[in-house]
Amino acid sequence: MSRRVAGVLGAWLMLTVIAVALVTTVNFVRLRNSFEAEARTLHRVVSQRADQHDAHLTSLAAVLASPDHSLATFRAVTEAVLRFYPRITAIDAISFAPVPNWAFTTRELPSDRHDLGELVAIASNLPAGQTIVLAGANDTAAYHLVKRLPEATVQTNALVMTIDAKRLMDPEADLPKGMRLALRDPSGHELVQRGAPPSLGGVMPVLAFEKELGSRSQPLLLRISRSPAMSELLPFMANALVATLMGIGVLLASFVQRERHAAREARERASFHEHQARLAHAMRVNTVGEMASGIAHELTQPLTAILSSSQAGLRLASSPSLDPDEIIGVLDANVRLAKRAGDILSRLRAYVTNSGPVPERMSLNRLVRNVAELVQSDLDRRSIALNLHLDPDAPSATIDRVSIEQVVHNLVRNASDAVESLPQERRTITVATFFKDGSTGIAVSDSGSGIPPADLPRLFEPFFTTKPDGMGLGLPLCERLVEAFGGQITAANVPKGGAVFTIHLPLIAEDRKEAAE
Ligand code: ADP
């Protein structure tokens, strides 16, 4: 897996995890808010229902306290309450005197009812008008409300209302999955319990609500808890959508980044090429400056020859025995010499002009001869012998003439520097062309002391130089110029002493055709 693919996958995974965590958090907050709203509503409804019990007890007490009260009226009211409120399962009246007895009962000894003696003991200790909660007997879901009546009420001293706690909370209503309801009486006894305990305890967060009912007489504790299902917090479709969107986002970002990177690289390449062209031009101009005196010398020769030949022509023209053939010969020589001077100047101009590379088919032998002509006077001045070994089979190559001339020129200058300190008779530079194994090229070798092996790998690094006034830019520039045509330049030491720099140039189809002919 490439580093790029790994990076894209890593970014996608990280963003997906963050986005899923966000979705989960948002879902959790949403669930918690709706849970709290539901729990508060339930608490309010149950509290209101509990308050109704107080209201019924108060009106029943009022019936008993009225001056014309009759048990028949009491019974009628009781039956109406029992009919309309099925959660109230019994309403009983107790009398303390003369012997404790049930003044009125609605059921025959239900299993949740306490002993009469027990109830009398509890009720007789209550201040008049007060109501308390009493847990149902035998661990049932029922609880009782015991209300002490004012002394003024004859025949009955207390009312006992039995309530089925299960029905306080709509037994028919479906509980959402994972919801649990519990109602406890003040003694801690659990009257009702609905719903399963959280099965994923510890893994998923549990939402909880716990509050006493708002009724003063029935401070029952309502506890609601809920553990959200995994699918509610981490909905598959939402997560798949998030993962897909993140994937698309990361791919887009990586595409945009790649495009930007490519554009930057192209800009850098363009500016590098421009820089390189400027450097090559600067070096050429610099070299030409150095060569100026040699070139002047070079031009002096044809110009002097033209002068003396023209003087000879003049003499011939003024002689009485004028031979037209001799005049033609003199003029021919002048034309040849003037052409030679013109050639030197146009080569110089082509070399100095900062034109872009123009690939053209060019004989390597001719190219080497051109360079030799340019450097000859300089080498003569430094008493360096230049040998040309031109392979007659070396084919033409498609190259930018000026660039490759500059490369050969640089190599010859380096070779001159390498041999300059030798005794005069050993100062030799050889420029050879070759055609071998289907590739062609030019090799520049010298009789100098060669390149120390430690320097060999660094020769083409920019600014690597061992010369006190060197810049270390010549060889890197040569390498760039040769590589621009798909070629290669190498450096090595010659076994019998000295260094050899070889330019290998590729042959395009047409060059090969010519080579094969
Ligand atoms: P400069 O000539 O400014 O030093 P170059 O890039 O042309 O920069 O050459 C780098 C170094 O390569 C030279 O300083 C020299 O040490 C080494 N070098 C180049 N040509 C030769 C050669 N023909 N013989 C020995 N050393 C050479």
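Just so you know, all these numbers are worked out from the coordinates, no wet-lab data involved. For clarity, every value in this text was computed on a predicted model and none was experimentally measured. Every residue, glycine as well, gets a Cβ built from its backbone with ideal geometry; the counts of neighbours run over all protein chains shown.
Search the structure for amide H atoms under 5 Å from the amide H of residue 498, placed 1.01 Å from N in the peptide plane, and list their residues when 5 or more places away or on another chain.
450
In vacuum, with every alpha carbon of the range 320-446 counted as one equal point scatterer, what does the Debye formula give for log10 I(q)/I(0) at q = 0.12, 0.15, 0.20 Å⁻¹? Two decimals, please.
Relative scattering, expressed as log10 I(q)/I(0), comes to -0.58, -0.80, -1.15.
If you project the alpha carbons of the range 200-254 onto the principal axes, what extent comes out on each, in Å, largest first?
Principal-axis extents of the Cα atoms in the range 200-254, largest first: 68, 22, 15 Å.
Would you order 58, 162, 502 from fewest to most other beta-carbon atoms within 10 Å of each residue's own beta-carbon?
Working: 58 13, 162 23, 502 17.
Ordered by Cβ neighbours within 10 Å, fewest first: 58, 502, 162.
Output needed: percent of Cα pairs per 10 Å distance bin for the range 1-133, bins running from 0 to the one holding the longest distance.
Distribution as computed: 9, 24, 22, 9, 8, 8, 7, 6, 4, 1, 0 percent.
List the relative contact order of the chain as a percent without decimals, with contacts defined as Cα pairs under 8 Å and 6+ residues apart.
Values: 719 pairs, mean separation 47.7, N = 517.
The value is 9 percent.
In deg cm²/dmol, rounded to 500, what helix-only [θ] at 222 nm does the chain give when every DSSP H run of at least 4 residues adds -39500 (n - 2.57) and the total is split over its residues? List each step's numbers first, then the result.
On the way: 10 runs with 257 residues, N = 517.
For the chain, the value works out to -17500 deg cm²/dmol.
Using a cut-off of 17 Å between alpha-carbon atoms, which aspartates and glutamates can reach residue 496, once sequence neighbours fewer than 8 places away in the same chain are excluded?
Of all the aspartates and glutamates, those that pass the test against residue 496 - Cα under 17 Å, at least 8 places apart if same chain - are 425, 446.
Which value, in debye to the nearest 20, describes the size of the charge dipole of the chain about its Cα centre when Lys and Arg Cβ atoms bear +1, Asp and Glu Cβ atoms bear -1, and nothing else is charged? Provide the component values of the computation, followed by the final result.
Numbers: 53 positive and 55 negative charges, 175 e Å.
Magnitude of the dipole: close to 840 debye.
So what are the ³J(HN,Hα) numbers for the range 394-406, from phi and the Karplus equation (6.51, -1.76, 1.60; θ = phi - 60°), rounded to whole Hz, Gly and Pro as x?
4, x, 6, 10, 8, 9, 8, 4, 4, 4, 5, 4, 5
Grab the Cα-Cα distance for residue 322 and residue 17, subtract it from 0.36 nm times how many residues apart they are, and report the gain in nm with one decimal. Before the final figure, lay out the partial values.
On the way: separation 305, 0.36 × 305 = 109.80 nm, distance 10.67 nm.
Between residue 322 and residue 17, full extension yields 99.1 nm more.
Quick one: plug the Kirkwood hydrodynamic radius of the range 407-506 (C-alpha pairs) into Stokes-Einstein at 10 °C, 1.306 mPa s, and report D in µm²/s. It would help to have the intermediate numbers written out before the result.
Numbers: Rh = 13.9 Å.
For these conditions, the coefficient is 114 µm²/s.
Starting from the exponent 0.38 and prefactor 2.2 Å, build the expected Rg for the range 1-73 from its residue count and divide its actual Cα Rg by it.
Working: Rg = 30.8 Å, N = 73, 2.2 N^0.38 = 11.2 Å.
So the range 1-73 has a normalised radius of gyration of 2.75.
Of the options 131, 379, 17, report the single residue whose Cα projects farthest towards the positive end of the charge dipole of the chain (beta-carbon charges: Lys, Arg +1; Asp, Glu -1).
Result: 131, furthest along the dipole toward the positive end.
Once you place label points 7 Å from the Cα toward the Cβ at residue 455 and residue 25, how far apart are they in nm?
Between residue 455 and residue 25, the simple spin-label model gives 6.5 nm.
If I stretch the segment between residue 388 and residue 73 completely, what's the gain in nm (0.36 nm per residue apart, minus their alpha carbon distance), one decimal? Write out the running numbers ahead of the final one.
Details: separation 315, 0.36 × 315 = 113.40 nm, distance 14.28 nm.
Stretched fully, the residue 388-residue 73 segment lengthens by 99.1 nm.
For the range 421-480, taking Cα atoms only, what is the radius of gyration to one decimal and the Dmax to the nearest whole Å?
When restricted to the Cα atoms of the range 421-480, Rg and Dmax are 14.2, 40 Å.
Could you give the distance between the Cα centres of the range 207-257 and the range 29-89, to the whole Å?
What the calculation gives is 37 Å, centre to centre.
Arrange 489, 132 by Cβ neighbour counts within 10 Å, fewest through most, would you?
On the way: 489 22, 132 16.
Sorted ascending by nearby Cβ count, the order is 132, 489.
Magnitude of the Cβ-charge dipole of the range 202-278, K/R +1 and D/E -1, about the Cα centre, nearest 20 debye? Could you put the intermediate results ahead of the total?
Working: 10 positive and 7 negative charges, 27 e Å.
For this selection, approximately 120 debye.
How far is it, in nm, from the label point at residue 229 to the one at residue 259 when both lie 7 Å from their Cα along the line to the Cβ?
About 4.4 nm, to one decimal.
Taking θ as phi - 60°, what are the ³J(HN,Hα) couplings along the range 50-63 by the Karplus curve (6.51, -1.76, 1.60), each to the nearest whole Hz, with x for Gly and Pro?
Ordered by residue, 3J(HN,Hα) equals 5, 4, 4, 4, 4, 5, 5, 4, 5, 5, 5, 5, 5, 4 Hz.
Calculate one ³J(HN,Hα) per residue across the range 15-28 by plugging θ = phi - 60° into the Karplus curve 6.51 cos²θ - 1.76 cosθ + 1.60, and present them in order as whole Hz with x for glycine and proline.
5, 5, 4, 4, 5, 5, 4, 5, 4, 4, 5, 4, 4, 5
Write down, largest first, the equivalent ellipsoid semi-axes of the range 79-156 in whole Å, where each equals the square root of 5 times an eigenvalue of the alpha-carbon gyration tensor.
Working from the Cα gyration tensor, I get semi-axes of 20, 15, 13 Å.
With the crude spin-label approximation of a point 7 Å out along Cα→Cβ, what separation in nm comes out for residue 36 versus residue 360?
Reported label-point gap for residue 36 and residue 360 is 8.7 nm.
Based on alpha-carbon atoms only, what is the radius of gyration of the chain relative to the globular estimate 2.2 N^0.38 Å?
Working: Rg = 57.2 Å, N = 517, 2.2 N^0.38 = 23.6 Å.
This ratio for the chain stands at 2.42.
Any idea what the dipole of the range 357-419 comes to, in debye rounded to 20, about its Cα centre with Lys/Arg Cβ at +1 and Asp/Glu Cβ at -1?
On the way: 7 positive and 9 negative charges, 17 e Å.
About 80 debye.
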